[in-house]
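Visitor: I have a structure here, written as structure tokens, and I will follow up with some questions on it.
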Amino acid sequence: MIFNLGSINADHIYRLPHLPAPGETLAAVSYCRTLGGKGANQSVAAARAGERVCHIGAIGPDGDWMVDLLEGYGVEVGHVARSDTPSGHAVVCVDDAGENAIVIYPGANRALEVSDVTSALGAASPGDWLMMQNETNLQIETARLAQVGGLNLAYSAAPFDANAVREILPFVTLLMLNEVEARQLEQAIGEIDVPQLLITRGANGAEWRDRASGEVILCPAFPVTPVDTTGAGDTFTGYLVASLAQGLVPSAALRRASAAAALQVQRPGTAEAIPTGAETAAFLA
Ligand code: ATP
């Protein structure tokens, strides 16, 4: 079982002839609204991988449609709190060259109360996994509760904040970084010392290091032609943690995560592009 303290965002995506200059007013060529947020994406990926996922998060009065979508993907949403603060959202401007400019409003994602977390984790058992990313409040409080309860903590250091990672590191079982975040963290603290470390490198695959056994696994990416790589990392990490929770050995869990991400990057969109467990199994076969 996975508990995921994570953001739920409405992504408002505007296609524009160019990114707006200061003072400019610009009409969008098209608009769409989708479910986003690293937390929501990881929950969807882990649920698609067939694992039970309890999402711990919050939405505002405008967010019911996102909870409905999460539930539709198989995520347990009984611990998504309702806040008076508007839901988190992102305004994503994309120009014709694919360049983007993004504004994120954290909103309800940072208005969680301790009781929201304690009531959710009340159902956890030792050995369960807690996933977290750096898009909600109550990170340290939740990490402490997880440690007391004997949960494994899988932490994505994104958006990257050296101080936030430094604080959470003593609680972390599995630290999940992309190569940019890994470089930033090494610059901030030197050698990264955690029980398990995942570094993803886009089309160059992923690297896994286990401190206790000294095992290093290099997991290649599948050679595919991507159409949209947004959310590849969340697909990989959601699938990876779900697979570990299901008892797969790291090499098998990594391969499955890599396959899911390879399928996801070949489809447009983020959460809606995450493949099902059956699709991933068929690809691997
Ligand atoms: P994002 O922020 O877009 O979600 P990320 O930077 O967190 O991504 P990446 O390192 O880009 O994560 O990608 C995660 C994993 O997804 C990679 O380790 C790889 O397995 C898979 N992947 C990413 N891009 C490709 C690609 N072009 N082809 C095949 N697999 C890919």
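The values are calculated or read from the model by the stated rules, or taken from the named source; none is laboratory data. Predicted model only: the values in this text are computed from it and were never measured. All Cβ positions, glycine included, derive from the backbone under ideal geometry; neighbour counts span all protein chains shown. To get the accessible areas, we keep the full protein, side chains included, count just its heavy atoms, and leave off ligands, DNA and RNA. Shrake-Rupley method; radii C 1.70, N 1.55, O 1.52, S 1.80 Å.
Visitor: Please report, in whole Å³, the volume per residue of the convex hull around the C-alpha atoms of the stretch 210-277.
Guide: It comes to 80 Å³ per residue, whole-number rounded.
Visitor: Could I ask something else about it? Choose one of 40, 54, 7: the residue whose Cα lies farthest towards the positive end of the charge dipole of the chain (beta-carbon charges +1 Lys, Arg; -1 Asp, Glu; about the Cα centre).
Guide: Of the listed residues, the answer is 54.
Visitor: How big is the Rg/Rh ratio for the chain, C-alpha atoms only, Rh by Kirkwood, two decimals? Working shown, then result.
Guide: Details: Rg = 18.2 Å, Rh = 19.1 Å.
Ratio of gyration radius to Kirkwood radius: 0.95.
Visitor: Let me ask something else about it. Can you find, among 30, 157, 112, the residue sitting farthest towards the positive end of the charge dipole of the stretch 29-172, where Lys and Arg contribute +1 and Asp and Glu -1 at Cβ?
Guide: 157
Visitor: Semi-axes of the equivalent ellipsoid for the stretch 98-137, please: Cα gyration tensor eigenvalues, times 5, square-rooted, ordered largest first, whole Å.
Guide: 29, 15, 5
Visitor: Report the extension gain between residue 148 and residue 201 in nm, rounded to one decimal, defined as 0.36 nm multiplied by the number of residues separating them, less their alpha carbon distance.
Guide: Net length gain for the segment: 15.8 nm.
Visitor: Here is a follow-up. Using the C-alpha gyration tensor of the stretch 145-284, what are the square roots of 5 times its eigenvalues, in whole angstrom, with the largest one first?
Guide: With the √(5λ) rule applied to the stretch 145-284, the semi-axes are 25, 17, 14 Å.
Visitor: Here is a further query. How large is the dipole of the stretch 1-126 about the Cα centre if only Lys and Arg carry +1 and Asp and Glu carry -1, each at its Cβ, rounded to the nearest 20 debye?
Guide: 220
Visitor: Sequence-distant or interchain residues sharing an amide H contact under 5 Å with residue 131, placed H: which?
Guide: Here 3, 4, 5, 154 satisfy the definition.
Visitor: State, to one decimal in nm, how far the label point of residue 211 lies from the label point of residue 180, with both points 7 Å from Cα in the Cβ direction.
Guide: 2.7
Visitor: Between Rg and the Kirkwood Rh of the stretch 16-90, both from Cα atoms, what is the Rg to Rh ratio?
Guide: 1.11
Visitor: With label points built 7 Å along Cα→Cβ from the Cα atoms of residue 162 and residue 95, find their separation and express it in nm.
Guide: The modelled label-to-label distance comes out at 3.1 nm.
Visitor: Another question, then. For the stretch 226-284 and the stretch 1-58, what is the separation of their Cα centres, given in Å?
Guide: 17
Visitor: May I ask you to give the percent of accessible area on the stretch 68-163 that is carbon plus sulfur, with a probe radius of 1.4 Å?
Guide: Details: 2280 of 4410 Å².
C and S atoms contribute 52 percent here.
Visitor: Residues in the stretch 69-98, backbone N under 11 Å from the label point at residue 113 (7 Å along the Cα-to-beta-carbon vector): list them, ranges by number please.
Guide: The answer is 82-84, whose backbone nitrogens lie closer than 11 Å to the label point.
Visitor: Give me, ordered by chain and number, the residues 5 or more places off residue 89 or on other chains with an amide H under 5 Å from its own placed amide H.
Guide: Long-range HN contacts for residue 89: 10, 105.
Visitor: Could you tell me the center-to-center distance, by alpha carbons, between the stretch 144-175 and the stretch 75-123 in angstrom?
Guide: Using only Cα atoms to place each centre, the spacing works out to 19 Å.
Visitor: Would you work out which of 251, 216, 232 lies farthest towards the positive end of the dipole of the stretch 200-285? Charges go on Cβ: Lys and Arg +1, Asp and Glu -1.
Guide: Positive-most Cα among the choices belongs to 216.
Visitor: Rounded to the nearest 0.05, what FRET efficiency is calculated for residue 123 and residue 64 with R0 set to 35 Å and r the Cβ-Cβ distance?
Guide: 0.90
Visitor: If you put +1 on each Lys and Arg Cβ and -1 on each Asp and Glu Cβ, how big is the dipole of the chain around its Cα centre, in Debye rounded to 20?
Guide: Taking the Cα centre of the chain as origin, the dipole is about 520 debye.
Visitor: Ok, one more. Peptides 167-173, 231-237: what's the order by average Cβ count within 10 Å, highest mean first?
Guide: Peptide ranking by packing, descending: 231-237, 167-173.
Visitor: Given just the C-alpha atoms of the stretch 92-189, how large is their convex hull per residue in cubic angstrom? Walk me through the numbers before you get to the answer.
Guide: On the way: hull volume 11.9 nm³, N = 98.
It is 122 Å³ per residue.
Visitor: Whole-Hz Karplus ³J(HN,Hα) for the stretch 196-205, in order, using 6.51 cos²θ - 1.76 cosθ + 1.60 and θ = phi - 60°, x for Gly and Pro?
Guide: So the Karplus estimates, Gly and Pro as x, are 9, 10, 10, 10, 9, 10, x, 5, 8, x Hz.
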